[in-house]
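**Q** Sharing a structure, written as structure tokens. Questions coming.
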Amino acid sequence: MKMPAGPIDPMMFAPCGMNCQVCYQHSDHPKPCGGCHSRSLQKPKHCRNCPIRECTVKKDLSYCYECLEYPCKSIKNLEKSYITRYGASLIQNSCFVKEKGLAAFMKQQKAAYTCPACGGILSLQDGRCSDCRWRTDNDL
């Protein structure tokens, strides 16, 4: 899957601070899901049953950072996992969006996760391109 020519769809920004566009579950599947905000049945089961997303729905929020309890225990636990496993901070992502806007964040993400070899999408999880399989630890 190629990185979109235009801006990344704002629907790809999950309530927790994840950019769904760069998730391997989105970019590396023949039928990609529409992101956390979508009702797509293509979403992985753990995404369809996400307690964090359900919390934002219940509280009528779009994003966790809008909550008075942010960051809650659930976000802190997910943050720890993402930092440990992928070197990515969902809290930093959310703070960036809150301060500079979603369009600026998605522009920054597009620059960071576009494959330099072919223009595909680099997975946050393993740095592998969805198209040419190039990895971020490869030398060009």
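The values are calculated or read from the model by the stated rules, or taken from the named source; none is laboratory data. Remember, it's a predicted structure, so these values are computed and weren't measured experimentally. Heads up, the Cβs are rebuilt from the backbone with ideal geometry, glycines too, and the neighbour counts pull from every protein chain shown. Protein only, heavy atoms only, side chains kept; ligands, DNA and RNA dropped before computing areas. Shrake-Rupley method; radii C 1.70, N 1.55, O 1.52, S 1.80 Å.
**Q** How big is the accessible area of T114 in square angstrom, nearest 10, if you roll a 1.4 angstrom probe over the protein chains?
**A** 50 Å²
**Q** Around C36, what is the net charge, scoring Lys/Arg as +1 and Asp/Glu as -1 over all other residues with Cβ under 13 Å from its Cβ?
**A** Details: positive: R39, K43, R48, R53; negative: D9, E54.
That sum, taken over residues with Cβ under 13 Å, equals +2.
**Q** Among H46, H26, H37, which one shows the biggest mean-square fluctuation in a GNM of the chain, springs joining Cα atoms closer than 10 Å?
**A** The residue that fluctuates most here is H46.
**Q** Continuing with this model, one more query. Using only Cα atoms, locate the centre of the range 79-140 and the centre of the range 11-57, then give the distance between them in Å, rounded to an integer.
**A** Answer, in whole Å: 15.
**Q** Evaluate the charge dipole of the chain about its Cα centre and quote only its size in Debye, nearest 20, assuming +1 on the Cβ of each Lys and Arg and -1 on the Cβ of each Asp and Glu. Mind dumping the intermediate values first?
**A** Working: 20 positive and 12 negative charges, 67 e Å.
The calculated dipole for the chain is roughly 320 debye.
**Q** Grab every C-alpha pair in the chain, bin the distances at 10 angstrom width from 0 up to the longest one, and report whole percents.
**A** 12, 42, 37, 8, 1
**Q** Add +1 for every Lys or Arg and -1 for every Asp or Glu among the other residues with Cβ under 11 Å from the Cβ of D126, and state the total.
**A** Numbers: positive: R85, R128, R133, R135; negative: D28, D137.
Around D126, the surrounding residues sum to +2.
**Q** Heads up, I need the accessible area for E54: 1.4 angstrom probe, whole protein in place, Å², nearest 10.
**A** Accessible surface of E54 is approximately 90 Å².
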